[in-house]
Amino acid sequence: MRVALLCPQTYMNDAGRSVGPARGALKVALERVLVVHDEIDLPFGEIQTRLGGGLAGHNGLKPLRRALGSADFMRMRLGVGRPDSSDPEVVSAYVLGRFSEPERDVDGLIERAVAALEALVLGGGEDE
């Protein structure tokens with residue numbers, strides 16, 4: 001099995017500039033594209049995967065949908081929790097800032113995300 005890992009050197013809201021061309025160059029079917037991203041609509045530490053569906057207003061996924069031509073790509077959503085405000089500036093500072101959770105909890109989330117990613121890539125499937 002071949003797997004390509006793309007780590008765009010941009011903010012997520014500009015990642016479409018590299019993801020779209022990389023998908024084309026590697027001739028990857030849209031449903032084989034997997035995007036790992038933060039998700040404020042999930043409690044900290046929760047991990048969900050799904051193929052396609054709505055973007056729930058995630059500003060980082062919108063440019064990916066434009067670059068890929070569809071939202072029918074796989075996503076691994078990593079719950080980071082939601083700030084106490086819906087003010088866009090507060091939300092932006094929250095997702096771009098450091099975690100307030102203990103380092104061991106953040107490390108645990110990363111370890112579980114890696115395990116879930118390996119299981120998804122090697123075994124296929126989704127949990128939603």
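The values are calculated or read from the model by the stated rules, or taken from the named source; none is laboratory data. All figures in this text were calculated on a predicted structure; none of them were measured in a lab. With ideal geometry, Cβ positions are generated from the backbone for all residues, glycine too; neighbour counts draw on all protein chains shown. Only protein heavy atoms, including side chains, enter the accessible area calculation; ligands, DNA and RNA are left aside. Shrake-Rupley method; radii C 1.70, N 1.55, O 1.52, S 1.80 Å.
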Residue list for segment 76-121, restricted to those being in contact (Cβ under 8 Å) with a residue 12 or more places away in the chain, more than 21 Å from residue 61 (Cα to Cα) and among the small types (Gly, Ala, Ser): 108
Residue list for segment 1-26, restricted to those being closer than 22 Å to residue 92 by Cβ and outside any loop (DSSP other than H, G, I, E, B): 12, 13, 14, 16, 17, 18, 19
What's the number of the only condition in (1) surrounded by fewer than 12 Cβ atoms within 10 Å (Cβ to Cβ); (2) under 12 Å from the mean Cα position of the chain (by Cα) that residue 80 fails to meet? (1)
Quick check on my filter: what residues within segment 27-53 are more than 13 Å from residue 67 (Cβ to Cβ) and assigned to a strand (DSSP E or B)? 34, 36, 37, 38, 39, 47, 48, 49, 50, 51
Using the structure shown, decide if residue 112 is closer than 21 Å to residue 17 by Cα, in contact with a Gly (Cβ under 9 Å, 6 or more places away or on another chain) and modelled with pLDDT of 90 or more. no
Residues in segment 58-68: is at least one more than 13 Å from the chain's Cα centre (by Cα) and not in a helix (DSSP H, G or I)? no
Residue that is surrounded by the fewest Cβ atoms within 10 Å (Cβ to Cβ) [pool: residues in segment 6-28 that are out of contact with any helix residue (DSSP H, G or I) (no Cβ under 9 Å at 6 or more places or on another chain) and aliphatic (A, V, I, L, M)]: 25
Which residue out of 46, 39 is in contact with a Gly (Cβ under 6 Å, 6 or more places away or on another chain), among the charged types (D, E, K, R), under 22 Å from residue 114 (Cα atoms) and open to solvent by less than 20 Å² (accessible area, probe 1.4 Å)? 39
What are the residues in segment 51-76 that are under 20 Å from residue 97 (Cα atoms) and either modelled with pLDDT of 95 or more or among the small types (Gly, Ala, Ser) (or both), if any? 57, 60
Checking 78, 26 in turn, the sole residue that is out of contact with any Ser or Thr (no Cβ under 8 Å at 6 or more places or on another chain) and under 20 Å from residue 108 (Cβ atoms) turns out to be 78
